[in-house]
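Read the structure below first, then the notes.
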Amino acid sequence: MTSFFDIVLGGVFHASVLFLVAAGLQLVFGVQRIVNLACGSFYALGAYFGISAVGWATQWGAPAWAFLPVLLLSGVVLAAIGPFIELILRTVYQRDEAFQLLLTFAFVLMFQDVLRFFWGANPQQLGNLSATYGNVALGEVSFPTYNVLVMVASLVIAIGLGFFLKKTRYGRILRATAENREMAAALGANVRWIYTAVFTLGTMLGTVGGALVVPTSAASLDMPVELVVEAFAVVVIGGLGSMRGALVGALVVGLTRAAAIRYYAELEVLAIYLIVIVVLVARPAGLFGKPAE
């Protein structure tokens, strides 16, 4: 029973962070029709910048309980790079998808050098920062309170994102643009501004996810590629462009990864992509994706 709870809690924690990145990927694709390979780089940038932000907060005498808000804020602030990257992406909106993939992959390579320039090639970590918040005991199972806080924060973000997209005027404009950008523009929607706002929001989800994960794992130059592998597994399982699919896909990948690490770590990636293959064979559009017309 203890092993079961360890797998569930560990899997849900990983899914909470993975969902943020996948949600940003889904949001950008849903509106702009661009598969953003640079989402993993935003995640890594958030992780490294979060480490620096905590270091600065420590120097300024911030209390221990403030580290989580500092990490959240660092991810939000770092999203300021989104509009500048989107400005470059405008050059390929009307071009073949291959150019879009090549450009976003170019960002991956460039950001890797940015990380190496500012933070060096060696992995960095925050030590045992998550222990600052103590542990939550569930019977015989002890679980870090920090991980619970991250899961709650991710849930709040997911609910807030769903409310924004479904219930607000700007959310309805955004969804209308995703359905038919020409019609939305004809009705007065500022499509260029919407693209910038959506890409910035997608960037913020990635940087916040990276910032939140660093107290539990080291930040390294391999993070972008590792994250992209899992994020695309989430997208394939859940369905490209579906927020509900991002949530379900993240849970599937997170729980599968936790179970594989627990029982046979060498099969971690294989186990995830066996599920991806099954989904592609049974339902090519994903569990919640719309089949191509």
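The values are calculated or read from the model by the stated rules, or taken from the named source; none is laboratory data. From a predicted model like this one, the values you see are computed outputs, not experimental measurements. Every residue, glycine among them, receives a Cβ derived from its backbone with ideal geometry; neighbour counts consider all protein chains shown.
A few points about this structure:
- Test: residue in region 123-130 that is of a type outside the set (Asp, Glu), part of a helix (DSSP H, G or I) and out of contact with any Asp or Glu (no Cβ under 7 Å at 6 or more places or on another chain): yes
- Odd one out for GLY10, checked against (1) within 21 Å of PHE111 (Cβ to Cβ); (2) touching a Phe, Trp or Tyr at 6+ places or on another chain (Cβ under 9 Å); (3) part of a helix (DSSP H, G or I); (4) of a type outside the set (A, V, I, L, M, F, W, C): (1)
- Test: residue in region 163-172 that is within 25 Å of GLU226 (Cα to Cα) and either surrounded by fewer than 17 Cβ atoms within 10 Å (Cβ to Cβ) or out of contact with any Asp or Glu (no Cβ under 7 Å at 6 or more places or on another chain) (or both): no
- Failed item in (1) touching a helix residue (DSSP H, G or I) at 6+ places or on another chain (Cβ under 9 Å); (2) of a type outside the set (Val, Ile, Thr); (3) surrounded by fewer than 17 Cβ atoms within 10 Å (Cβ to Cβ), with GLY120 passing the rest: (1)
- Selection count where residues are surrounded by fewer than 24 Cβ atoms within 10 Å (Cβ to Cβ) and either touching a residue at least 60 places away in the same chain (Cβ under 8 Å) or closer than 27 Å to GLY286 by Cα (or both), scope region 198-229: 13
- A search for C-beta distances below 7 Å between a residue of region 176-196 that is closer than 13 Å to ARG33 by Cβ and any residue that is assigned to a loop (DSSP other than H, G, I, E, B), counting only pairs 6+ apart in sequence or on different chains, returns THR177/ALA189.
- Residue within region 22-29 that is at pLDDT 90 or above and in contact with a strand residue (DSSP E or B) (Cβ under 8 Å, 6 or more places away or on another chain) present: no
Every residue, every condition in (1) closer than 19 Å to GLU97 by Cβ; (2) of a type in the set (D, E, K, R); (3) surrounded by fewer than 22 Cβ atoms within 10 Å (Cβ to Cβ), yes or no:
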| residue | (1), (2), (3) |
| --- | --- |
| VAL21 | no, no, no |
| GLY30 | yes, no, yes |
| ALA38 | yes, no, no |
| ALA64 | no, no, yes |
| PRO69 | no, no, yes |
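- Failed condition for TYR146, given (1) farther than 22 Å from LEU205 by Cα; (2) among the aromatic types (Phe, Trp, Tyr); (3) surrounded by 13 or more Cβ atoms within 10 Å (Cβ to Cβ): (1)
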